[in-house]
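Asks: Below are the structure tokens for one structure; questions will follow.
The values are calculated or read from the model by the stated rules, or taken from the named source; none is laboratory data. Note that the structure is predicted; figures quoted are calculated from it, not measured. A quick note on method: Cβ atoms are made from the backbone with ideal geometry, for glycine too, and the neighbour counts reach across all protein chains shown.
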């Protein structure tokens, strides 16, 4: 059985379309849990009244993506019948074969997750995300984002990791490496999780037949600068926690140069507000290095692959 976990914060305008697309799935053996981050827009009431088959879990505050999905994951893992967990953003419409194709991606015993092909909801010949990667010089990115879909990412293959907005995970992965890092609140928490998966030997399979349509950025569209601040903060933790030491030492000088260039770009192309948000996030990340080092010790002790294996996965 599959558990589908949907985090939500004031997303009532997206829920009907998302839920309707799940009702029409060809694969039926799943449960749906809406984890609500203290919405003020009657999301929970709407769900309970119109989609009674969906179980709602209400949190006392807006805890962000990571804690919301963790709440749903912990709840799901109590049921021994749940073998797979799908994480799904509330602003997504799923193709009718979405769940069945995700399940078909578990090709090997060491496949821990399966990534989907996410297309732009409004322009459906434009790619939103065809798997997540990390560049050799440190930057996470969504493969194919904003490219016209001409079949260039229609090959099934093992990749770095899945966007947690539309992905499936084997329950054993959570049992072995733990849950998403709640200190990330939002952004890069899935890149961090993918890194930890790879370190212990789990792989991610990309199945382009698992298709969904995403309204990217809808949750935080009115929060100017927040995305930049969180990404900068979380990027520091991501590197400190997960990079094997020799790779980290090799690329730290370049990381610093890139930050300077990036911040100059914020001033030149955006605004001082975005620039200040970036600096604030980076400094916040630096203050949390002691916490990140504590997490690093546990993560690196669990490592089962070689540093060369990890570096070869970077693009």
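Asks: Going through the stretch 157-172 one residue at a time, which ones are in a loop (DSSP other than H, G, I, E, B) and either closer than 20 Å to residue 312 by Cβ or outside the structural domain of residue 86 (by TED's automatic domain parsing) (or both)?
Replies: 160, 162
Asks: Here is a list: 127, 82. Which entry is touching a residue at least 24 places away in the same chain (Cβ under 8 Å) and buried (at least 18 other Cβ atoms within 10 Å of the Cβ)?
Replies: Just a single option satisfies the conditions, and that option is 127.
Asks: While we're looking at this one, here's another question. List, please: which pairs have Cβ atoms under 8 Å, are six or more places apart or on different chains, and start with a residue in the stretch 175-189 that is within 16 Å of residue 281 (Cα to Cα) and end with one that is part of a loop (DSSP other than H, G, I, E, B) and at pLDDT 95 or above?
Replies: 183/288; 189/164; 189/180; 189/181
Asks: Give 10, 70, 48 a once-over and let me know the one that is in the same structural domain as residue 161 (by TED's automatic domain parsing), at pLDDT 95 or above and under 25 Å from residue 117 (Cα atoms).
Replies: Details: 10 fails: under 25 Å from residue 117 (Cα atoms); 48 fails: under 25 Å from residue 117 (Cα atoms).
Exactly one of 10, 70, 48 is in the same structural domain as residue 161 (by TED's automatic domain parsing), at pLDDT 95 or above and under 25 Å from residue 117 (Cα atoms), namely 70.
Asks: Could you tell me how many of the residues in the stretch 1-27 are in a loop (DSSP other than H, G, I, E, B), under 21 Å from residue 85 (Cβ atoms) and in contact with a helix residue (DSSP H, G or I) (Cβ under 9 Å, 6 or more places away or on another chain)?
Replies: 5
Asks: How many residues does the stretch 73-108 hold that are in a loop (DSSP other than H, G, I, E, B) and either more than 19 Å from the chain's Cα centre (by Cα) or more than 23 Å from residue 176 (Cβ to Cβ) (or both)? Give the steps one after another, and end with the answer.
Replies: Going residue by residue through the stretch 73-108, those that are in a loop (DSSP other than H, G, I, E, B) are 78-83, 89-91, 95-97, 104-108.
Within this subset, residues satisfying the condition of being either more than 19 Å from the chain's Cα centre (by Cα) or more than 23 Å from residue 176 (Cβ to Cβ) (or both) are 78-83, 89-91, 95-97, 104, 107-108.
Number of matching residues: 15.
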